[in-house]
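The structure appears right after this line, and notes come after that.
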Amino acid sequence: MTGLPPTPTDYLISVLVDLLNTPSPTGFAQRAIDLTQAALQPFTGLKLSQTRKGALVAEWPGVRSDAPRALTAHVDTLGAMVKEVKTNGRLRLSKIGGYAWNTVEGEGCSVFTRGGETQRGALLLTKASVHVFGKQVRELGREDENMEVRLDARTTSAEETRALGIQVGDFVAFDPRVEINNGFVRSRHLDDKACVACLLAAVKALCDAGLQPAQKTYLHISNYEEVGHGAAAGIPAEATELVVVDMAAVGEGQTSDEFHASLCVKDSGGPYHHGLSQRLRDLAEAHAIPYRVDIYPEYGSDGEAFWRAGGDVAVALIGPGVDASHNYERTHLEALLATVQWIVAYVVGE
Ligand SMILES: [Zn+2]
């Protein structure tokens, strides 16, 4: 990577771990929004505000302002809500976002009560013990009605569970289980906290180097992406371009991997803006940023949310390769550093 200010790697990792450990299922992302706002506060050149919908917007003055730009990444994550307090005292859940129950089976979770308390528990199959249910443990469909939260509290009835303060509609967050080994970051919800951390690291890299964006630049931290309408609101109307920073889908048949940043040229919502995508490729090549070009067949982004809402901007999508997305995810520092450098190159580029 050449010709760009160095990436503050320790800062990137520490802000990422803080974000990952801050529960923020869609609809309950305020803590992660506030954490991001607090992290941006020291960069006094940025003007910070929250939209009525709860997204964070940072306005970053540029050398010019005749063609303002925007970047977005989301802090909301997959999660669940309490759908029913069952007669056995356990909880039936309703999913938030698109994932399969088997990806969180056996995972620890937190239930956030209306009274502001947190109750701990784990998501299990309703027939969980192999010593009791034998082959049913293997064969039972991972459907809503076959999954339940076992609370770490003495309860065997709906009344006892309600007495803990738990109600229908309480948010549930699954444990991220963050680990960093040999440069690999393994955690739930790297989608898309990895990219929020990359945006923050890019801001710090530029501010530390005393550099300013080429154009007035808006950062939009979305809080409703996982349900499909995050950036439908909150991107300022004067923005001419929107670069979405979101994870790249890694797997069989994909070019993306955990050591590159990817440019997504097409996903389930169709092609992204060709001209802006070409410019991002040119920037990556000019700065020797390790990148791939890919198509994500089962994927949608906040860029499309803005387009569908009528946003008249060029939209492109970049981000680090994330293995096992919407599952127990993993990426590598190399992909994160490539993403930060790409953001920096775009922000300072003409
Ligand atoms: Zn995402």
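The values are calculated or read from the model by the stated rules, or taken from the named source; none is laboratory data. Every value quoted in this text rests on a predicted model; they were computed, and no experiment measured them. Every residue, glycine among them, receives a Cβ derived from its backbone with ideal geometry; neighbour counts consider all protein chains shown. For the accessible areas, the whole protein counts, side chains as well, though only heavy atoms, and no ligand, DNA or RNA atoms are used. Shrake-Rupley method; radii C 1.70, N 1.55, O 1.52, S 1.80 Å.
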(request) Select from segment 176-185 the residues that are away from the ligand (no atom under 15 Å from the Cβ) and open to solvent by 10 Å² or more (accessible area, probe 1.4 Å) and list them in ascending order. (result) Arg177, Val178, Glu179, Ile180, Asn181, Asn182, Gly183, Phe184
(request) Would you be able to tell me the number of residues in segment 319-338 that are out of contact with any Leu (no Cβ under 9 Å at 6 or more places or on another chain) and hydroxyl-bearing (Ser, Thr, Tyr)? (result) 1
(request) Of all residues in segment 330-350, count the ones that are crowded, with 24+ Cβ neighbours inside 10 Å and either assigned to a strand (DSSP E or B) or not aromatic (Phe, Trp, Tyr) (or both). (result) 10
(request) Check segment 315-326 and report whether any residue there is part of a loop (DSSP other than H, G, I, E, B) and either buried (at least 20 other Cβ atoms within 10 Å of the Cβ) or in contact with a helix residue (DSSP H, G or I) (Cβ under 7 Å, 6 or more places away or on another chain) (or both). (result) yes
(message) Any residue at all in segment 224-233 that's open to solvent by less than 10 Å² (accessible area, probe 1.4 Å), within 16 Å of the ligand (Cβ to nearest atom) and of a type outside the set (Ser, Thr, Tyr)?
(response) yes
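Which residues, taken from segment 73-94, are open to solvent by less than 10 Å² (accessible area, probe 1.4 Å) and either without any contact (Cβ under 8 Å) to a residue 40 or more places away in the chain or within 24 Å of Lys53 (Cβ to Cβ) (or both)? Even if it seems obvious, please write down each step before you answer.
Taking segment 73-94 and keeping what is open to solvent by less than 10 Å² (accessible area, probe 1.4 Å), we get 73-77, 79-80, 82, 89, 91, 93.
If the condition is that a residue be open to solvent by less than 10 Å² (accessible area, probe 1.4 Å) and either without any contact (Cβ under 8 Å) to a residue 40 or more places away in the chain or within 24 Å of Lys53 (Cβ to Cβ) (or both), then Ala73, His74, Val75, Asp76, Thr77, Gly79, Ala80, Val82 are the ones that fit.
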(request) Restrict the check to segment 186-201 and report whether at least one residue is in a helix (DSSP H, G or I) and away from the ligand (no atom under 15 Å from the Cβ). (result) yes
(message) Please go through segment 187-221 and give me each residue that is polar (S, T, N, Q) and open to solvent by less than 10 Å² (accessible area, probe 1.4 Å), ordered by number.
(response) Ser187, Thr217
(request) Collect the residues in segment 135-151 that are of a type outside the set (Lys, Arg), closer than 26 Å to Arg162 by Cα and open to solvent by 80 Å² or more (accessible area, probe 1.4 Å), keeping them in residue-number order. (result) Glu143, Glu145
(request) Being within 14 Å of the chain's Cα centre (by Cα) and under 21 Å from Ile13 (Cβ atoms) is the filter here, so list the residues in segment 36-55 that pass it. (result) Thr36
(request) Search segment 235-257 for residues being more than 16 Å from the ligand (Cβ to nearest atom) and open to solvent by less than 50 Å² (accessible area, probe 1.4 Å), and hand back the single one that is farthest from Asp312 (Cα to Cα). (result) Asp257
